[in-house]
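The values are calculated or read from the model by the stated rules, or taken from the named source; none is laboratory data. Because the structure is a prediction, the values reported are computed rather than measured. Cβ atoms come from the backbone with ideal geometry, glycine included; neighbour counts cover every protein chain shown. Keep in mind that these areas ignore ligands, DNA and RNA; they rest on the heavy atoms of the full protein, side chains included. Shrake-Rupley method; radii C 1.70, N 1.55, O 1.52, S 1.80 Å.
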Amino acid sequence: MYSIFVSDLHLSPERPRINEVFFAFTRNTAPQAEALYILGDLFEYWVGDDDLGDPFNAAIADALRDLGGKGTALYFMHGNRDVLVGPAFVARCGARLLADPALLDLHGTRTLVMHGDTLCTDDVEYQKFRVYAHDPENQRKFLAQPLPARRQQMLGMRAQSEMSKQAKAADIMDVTSAAVEQALRRHGYPRLIHGHTHRPARHEHVVDGHRCERWVLNDWYQRGGYLRCDKQGCKTVTL
């Protein structure tokens, strides 16, 4: 038995090729796994669960529901792009919502899973926005707007974010060693799996004499991929 992890798929109608990779993944690959963990940014953006009426959004949710119907347990964690995913979407998929971070017993190995954005502490501008975006009152005000207005506002925020990235040094948008070590120490030196940075790799950290491995998941902008973990360990698989 094994589990698989994905993040940063950034699915949207504007990327039909990678969408087909996702649908094939849910039909042919993921059903072989005991569990699928989606660690954030399944969508390019999400404006609220009342947008489930959109055919594209409904197709993604239904593909995950069909996967769950084949016996694969589904777990969903919020990312920075889909922080507004709510109980209606999770229920439509038949998934369980994970807190960020979450500590798992993964095939006998204690494993900490995160989206990963909280580890990027050098990006002070982003961390301030993250606090704003996760504030329940700010979310309530945004969701109270008409759906078309929310879509337009979200597209504007995405464009502004992309412009902001162009002005930042690449290292600022990566995790900091101090934040990683703090997370590992706080949770008892587990294995760590996260996404967000789009820098897939396996790292080793020695924290207080404990050797910990950290797996960074790949994004799905160019091609799909996932991390497969069983009792022997983890390995990356490219679709």
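When each of Tyr75, Tyr2 is tested for being in contact with an Asp or Glu (Cβ under 9 Å, 6 or more places away or on another chain), open to solvent by 30 Å² or more (accessible area, probe 1.4 Å), under 30 Å from Gln182 (Cβ atoms) and modelled with pLDDT of 95 or more, the lone residue that passes is Tyr2.
Among the residues of segment 17-60, those that are assigned to a helix (DSSP H, G or I), among the acidic types (Asp, Glu) and either touching a helix residue (DSSP H, G or I) at 6+ places or on another chain (Cβ under 9 Å) or modelled with pLDDT under 95 (or both) comprise Asp49, Asp50, Asp51.
Between a first residue in segment 199-228 that is in contact (Cβ under 8 Å) with a residue 12 or more places away in the chain and under 19 Å from Met77 (Cβ atoms) and a second residue that is outside any loop (DSSP other than H, G, I, E, B) and of a type in the set (Asp, Glu), which pairs have beta carbons less than 8 Å apart while being 6 or more apart in sequence or on different chains? From residues that are in contact (Cβ under 8 Å) with a residue 12 or more places away in the chain and under 19 Å from Met77 (Cβ atoms), the pairs are Arg214/Glu204.
Could you check segment 22-43 and list, in sequence order, the residues that are of a type outside the set (Gly, Ala, Ser) and buried (at least 17 other Cβ atoms within 10 Å of the Cβ)? Walk me through how you get there before you give the answer.
The initial filter retains those residues of segment 22-43 that are of a type outside the set (Gly, Ala, Ser), namely 22-23, 25-29, 31-32, 34, 36-39, 41-43.
Result: Phe22, Phe25, Thr26, Thr29, Leu36, Tyr37, Ile38, Leu39, Asp41, Leu42, Phe43.
There is at least one residue in segment 90-112 that is out of contact with any helix residue (DSSP H, G or I) (no Cβ under 8 Å at 6 or more places or on another chain), acidic (Asp, Glu) and closer than 29 Å to Pro190 by Cα.
Among residues of segment 183-217 being outside any helix (DSSP H, G or I) and of a type in the set (Gly, Ala, Ser), the one that is surrounded by the most Cβ atoms within 10 Å (Cβ to Cβ) is Gly195.
Glu14 meets all of the listed conditions (1) open to solvent by 20 Å² or more (accessible area, probe 1.4 Å); (2) assigned to a loop (DSSP other than H, G, I, E, B); (3) touching a residue at least 40 places away in the same chain (Cβ under 8 Å) but one, namely (3). Residue-level analysis places Val180 outside the set of residues that are among the β-branched types (Val, Ile, Thr), part of a helix (DSSP H, G or I) and within 27 Å of Asp51 (Cα to Cα). The residues of segment 154-164 that are within 19 Å of the chain's Cα centre (by Cα), of a type outside the set (A, V, I, L, M) and surrounded by 10 or more Cβ atoms within 10 Å (Cβ to Cβ), listed by number, are Arg158, Ser161. Pairing each residue of segment 147-169 that is farther than 20 Å from Trp46 by Cα with any residue that is open to solvent by less than 80 Å² (accessible area, probe 1.4 Å), provided the two are 6+ apart or on different chains, yields no C-beta distance under 6 Å.
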